Each structure stands twice: as C-alpha cells, then as structure tokens.
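Note sheet for the following structure.
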Amino acid sequence: TKVLLTGGSGFIAAHILEQLHAKGHNIVTTVRSEEKAAPIRAAYPERVEVFIVPDIAQPDAFDEVVKSPGIEVVLHTASPFHFKFTDPKTELIDPAVIGTTGILKAIVRSAPRVRRVVITSSFAAILDEAKIADPTTIFTEASWNPVTIADIHNSPATAYRASKTLAERAAWDFVADPSNGAKFDLATINPPMVFGPVAHHLASLESINTSNERIVALLQGKWKEAIPSTGQALIWIDVRDVAAAHIKAGLEIPQAGGKRFFTTAGLFSNALMADIVRREFPELKERLPVEGTKGGELPGEGERFGFDNKLTEEVLGIEWISFEKSVVDTVKSLLAHGA
Ligand code: NDP
C-alpha cells in the first residue's frame with residue numbers, strides 16, 4: 001500500500017515510518033526542511049520518498065505532495081506540540097487547523113485513490129479541564145473537550161488542547177459535509193501522554209519531544225529535591241502502540257472508518273516513573289531521587305477523572321506495552337542519545 005505520512009521527522013511519526021517500512025509498504029513523507037529530510041533518506045534508501053513542506057499553516061501546503069501517484073492512505077501526524085510559542089493563534093491553532101483542512105481539501109482535489117485518512121488527534125480533544133479532578137466523570141471515545149478559540153490565552157496547555165480539539169472537529173465536519181466531496185473516510189487516534197524510545201533523528205537532548213522531556217529531566221538529576229507533579233493528563237501510552245494504532249486504523253481494519261480511537265494503557269505517575277528507574281538502573285543512583293522523595297504521586301481515586309476505552313481496545317486489539325517496559329526502553333534510548 002502507498003501511504004502518505006505527514007511530519008515524518010516527529011517522535012511518533014518516526015515509529016509509524018519504521019513500522020510501515022518493516023511491513024513492506026511504500027511511504028511518501030513530509031518534513032519541514034532538507035536538513036530533516038537527509039537522515040530519513042539515509043535511513044531508508046528504498047520505498048520512502050521525502051517531500052519538503054515548510055509550513056503546514058499555508059492552505060496550499062500539501063497540494064504538491066498529494067499528487068504523488070497512487071496514495072491510498074493518509075496518516076496526518078504533523079501538528080505543533082510544544083509550549084514555546086508567543087502567539088498561540090499563528091503558532092499553534094493555524095498549523096493544526098489549516099494543516100488538517102488543507103490536507104483534506106488537497107486529497108479531494110488531487111488524490112482520488114485515497115480511501116482512508118487517519119489524523120493524530122489527542123486525549124487533549126477528549127478531556128475537559130473542568131472535570132480533571134471529578135471522579136464522576138468518565139472520559140470515553142465519545143467525549144469532546146468543550147474548549148473554544150476564546151480560551152487560547154488562558155494557558156499554554158489550554159492553547160495546545162484547543163489546537164487539537166479544533167483541528168479534529170474541523171476534520172469530522174469536513175467529511176460529514178457532502179459538499180466537500182470526500183471519497184475517503186476518517187479515523188482519529190487520540191493518545192494521552194506518549195512515552196517511548198526515540199526513533200527519529202535527534203539533533204541534541206535539548207530538542208527532545210515534549211512528552212519525553214520529563215524523562216530527560218529525571219535522568220539529568222532534576223527530580224532529586226522533589227519529584228514534579230504528574231500534571232493533569234494522568235494517563236499514558238507507549239509510542240510503539242500509538243504507531244501500531246495508526247497503521248491498524250489506516251490500513252488493516254476496514255471497520256475503523258468513522259471512529260475515534262482513545263489509545264491509552266492506563267494511569268501513570270511521576271512517582272512510579274522514578275521508582276522504576278531507581279530499581280532498574282541502580283548505576284544511575286547519583287542522579288535519581290532517593291526512595292521516599294515526595295512529589296509526583298497519583299491523585300487518589302476520589303480526586304481524579306475516570307476513563308473507559310474498551311471500544312478502542314475491542315476494535316484495535318492491541319496488547320498495550322506496560323509502563324515498566326516503556327520507561328525502561330525510553331531510559332535506554334535516552335542514555336544512548338547522551339543523557
Ligand atoms: P513532535 O514534536 O516530535 O512531532 C511534531 C511533528 O509535527 C514534527 O514532524 C514537526 O516537524 C511537525 N510540525 C510541528 N509544527 C509544524 C508546523 N508549523 N509546520 C510543519 N510541521 C510542523 O511530537 P509528537 O511526535 O509527539 O507529535 C506528533 C503528533 O502527535 C502531533 O499531532 C501531536 O499533537 C500528537 N500527540 C502527541 C502526544 C504526545 O504525548 N507525544 C499525545 C497526543 C497527541 P519538526 O520535526 O520539523 O519539528
């Protein structure tokens with residue numbers, strides 16, 4: 001199968017690329033610069049074609065790449081995930097939303113063989129910030145973040161969540177409106193915090209992807225005094241499972257069309273992460289918080305949201321990688337990258 005994968009230089013996309021290639025598929029991928037293209041071309045001399053798409057916030061960004069003949073499936077992962085912006089509208093919302101609508105329009109115009117589009121959305125498009133500490137709330141595949149464009153100056157996290165929510169909504173609205181002429185169906189992958197080994201070219205540890213940042217910080221000794229708060233998400237998934245979910249939903253499970261996949265392996269905490277690293281990597285002792293260091297505990301059952309993703313588990317049938325394995329494999333990968 002010929003697959004278009006956007007954002008091939010990214011943390012999640014690099015695993016999708018690796019798994020697609022291993023399964024014998026042909027891949028067209030997009031990156032922002034020649035510099036990002038070179039390591040991909042070098043790693044995959046065959047069956048991978050790299051296009052440069054510098055700015056996905058331009059409505060015509062994907063017009064050329066979709067003309068690559070014979071694309072049947074599109075996996076759209078490219079979207080900003082960082083908190084280093086000054087203007088959330090132009091730096092987060094526009095690339096997320098225009099990137100998504102732009103690629104859908106380009107497919108309709110120039111890629112008639114595309115049968116399915118999978119968009120990397122997020123738990124950010126499912127959760128409701130007001131319900132994070134409410135134990136009577138159960139987030140599921142049917143839940144939608146009520147955030148609106150009016151909220152994007154509330155906090156960087158809210159702006160990011162708005163970018164994912166508005167982009168995903170725009171995609172479902174696009175395929176639901178017959179006047180847009182889509183001949184493909186849509187599925188979304190909605191992962192929470194993604195941990196896992198690095199498969200992309202990492203220029204330096206400072207440029208680690210956002211969701212692995214905390215593991216770098218732990219290895220750099222930054223958790224010794226106090227373990228930081230786990231944050232609001234509280235649930236996680238391994239990057240290799242996120243990649244597998246994209247491939248299953250995009251290429252392998254016909255009935256995945258029209259569905260949102262809430263891919264999570266369950267609860268985690270920074271405290272548990274520190275415990276695992278301390279136990280499995282005794283040689284790193286000097287850098288790690290001693291046993292009993294306070295902070296990063298999971299909020300109690302009465303102080304956190306509930307979740308239910310059994311629909312996702314039924315359709316995808318992936319046996320999720322355990323938190324312990326994910327943390328151990330991530331630490332090994334980061335040590336190999338100089339941590
Ligand atoms: P990365 O930052 O590694 O990947 C983001 C990708 O999007 C990169 O390829 C990046 O290119 C590209 N990108 C970002 N902004 C732009 C832009 N303005 N124009 C063109 N390309 C852009 O993070 P992840 O791999 O984690 O994220 C991939 C997707 O997964 C995103 O859609 C993110 O929202 C989603 N996601 C991630 C989660 C996580 O915990 N990691 C959880 C839930 C969803 P470049 O390499 O040049 O920066």
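Report the residue count in segment 284-311 for those that are crowded, with 16+ Cβ neighbours inside 10 Å and of a type in the set (D, E, K, R).
2
Take the conditions near the ligand (Cβ under 10 Å from one of its atoms) and modelled with pLDDT of 95 or more and apply them to V65. Does it pass?
So V65 does not fit the description; no.
Just to be sure I understand, how many residues within segment 22-46 are out of contact with any Lys or Arg (no Cβ under 6 Å at 6 or more places or on another chain) and either within 24 Å of L104 (Cα to Cα) or within 12 Å of the ligand (Cβ to nearest atom) (or both)?
Residues in segment 22-46 being out of contact with any Lys or Arg (no Cβ under 6 Å at 6 or more places or on another chain) and either within 24 Å of L104 (Cα to Cα) or within 12 Å of the ligand (Cβ to nearest atom) (or both): 14 in total.
Name the residues in segment 146-159 that are buried (at least 17 other Cβ atoms within 10 Å of the Cβ) and farther than 19 Å from A57 by Cβ, would you?
V147, D151, T158
List every residue pair whose Cβ atoms sit under 8 Å apart, with the two residues 6 or more apart in sequence or on different chains, where the first one lies in segment 180-202 and is closer than 24 Å to A170 by Cβ and hydroxyl-bearing (S, T, Y) and the second, anywhere, is assigned to a loop (DSSP other than H, G, I, E, B) and more than 8 Å from the ligand (Cβ to nearest atom).
From residues that are closer than 24 Å to A170 by Cβ and hydroxyl-bearing (S, T, Y), the pairs are T188/K259.
Would you be able to tell me the number of residues in segment 235-254 that are away from the ligand (no atom under 13 Å from the Cβ) and touching a residue at least 12 places away in the same chain (Cβ under 8 Å)?
Total meeting the criteria: 7.
Would you be able to say whether some residue in segment 255-270 is charged (D, E, K, R), within 20 Å of K164 (Cβ to Cβ) and in contact (Cβ under 8 Å) with a residue 40 or more places away in the chain?
Taking every residue of segment 255-270 in turn, at least one turns out to be charged (D, E, K, R), within 20 Å of K164 (Cβ to Cβ) and in contact (Cβ under 8 Å) with a residue 40 or more places away in the chain.
In segment 286-316, what residues are assigned to a loop (DSSP other than H, G, I, E, B), touching a residue at least 12 places away in the same chain (Cβ under 8 Å) and of a type in the set (G, A, S)?
Matches in segment 286-316: G295, G296.
Condition first: acidic (D, E) and farther than 17 Å from G196 by Cα. Now tell me which residues in segment 232-274 satisfy that.
E252
Please go through segment 24-40 and give me each residue that is loosely packed, with under 13 Cβ neighbours inside 10 Å and within 18 Å of L202 (Cα to Cα), ordered by number.
S33, E34, E35 - these are the residues of segment 24-40 that are loosely packed, with under 13 Cβ neighbours inside 10 Å and within 18 Å of L202 (Cα to Cα).
Counting only residues that are small (G, A, S) and more than 11 Å from the ligand (Cβ to nearest atom), which one in segment 103-131 is nearest to E252 (Cα to Cα)?
So the residue we want is A111.
Condition check ((1) farther than 29 Å from I208 by Cα; (2) among the aliphatic types (A, V, I, L, M)) across all residues:
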{"residue": "A106", "(1), (2)": "yes, yes"}
{"residue": "T136", "(1), (2)": "yes, no"}
{"residue": "D151", "(1), (2)": "no, no"}
{"residue": "N154", "(1), (2)": "no, no"}
{"residue": "A157", "(1), (2)": "no, yes"}
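So in segment 137-155, with the set limited to residues that are touching a Gly at 6+ places or on another chain (Cβ under 8 Å) and away from the ligand (no atom under 16 Å from the Cβ), which one is farthest from I253 (Cα to Cα)?
Of everything passing the filter in segment 137-155, T137 is farthest from I253 (Cα to Cα).
For segment 312-319, does any single residue satisfy the condition of being surrounded by 15 or more Cβ atoms within 10 Å (Cβ to Cβ), over 24 Å from the mean Cα position of the chain (by Cα) and closer than 28 Å to V216 by Cβ?
no
Specify the residue that is surrounded by the most Cβ atoms within 10 Å (Cβ to Cβ); the eligible residues are those in segment 52-102 that are outside any loop (DSSP other than H, G, I, E, B) and among the basic types (K, R).
So the residue we want is K89.
Test A217 against the stated conditions and say whether it is assigned to a helix (DSSP H, G or I) and surrounded by fewer than 18 Cβ atoms within 10 Å (Cβ to Cβ).
yes
Pull up segment 160-184, narrow it to residues that are under 22 Å from Q255 (Cα atoms) and surrounded by fewer than 16 Cβ atoms within 10 Å (Cβ to Cβ), then point me to the one that is nearest to the ligand (Cβ to nearest atom).
Among them, the one singled out is D173.
Could you list all residues from segment 175-222 that are among the hydroxyl-bearing types (S, T, Y) and touching a helix residue (DSSP H, G or I) at 6+ places or on another chain (Cβ under 6 Å)?
Hit for segment 175-222 is T188, nothing else.
What number of residues within segment 68-82 satisfy the criterion of being more than 9 Å from V117 (Cα to Cα), away from the ligand (no atom under 14 Å from the Cβ) and touching a Leu at 6+ places or on another chain (Cβ under 6 Å)?
Count: 1.
The values are calculated or read from the model by the stated rules, or taken from the named source; none is laboratory data. Model, not experiment: these values are computed from the prediction. Using ideal geometry, Cβ is built from the backbone for each residue, glycine included, and neighbour counts are taken over all protein chains shown.
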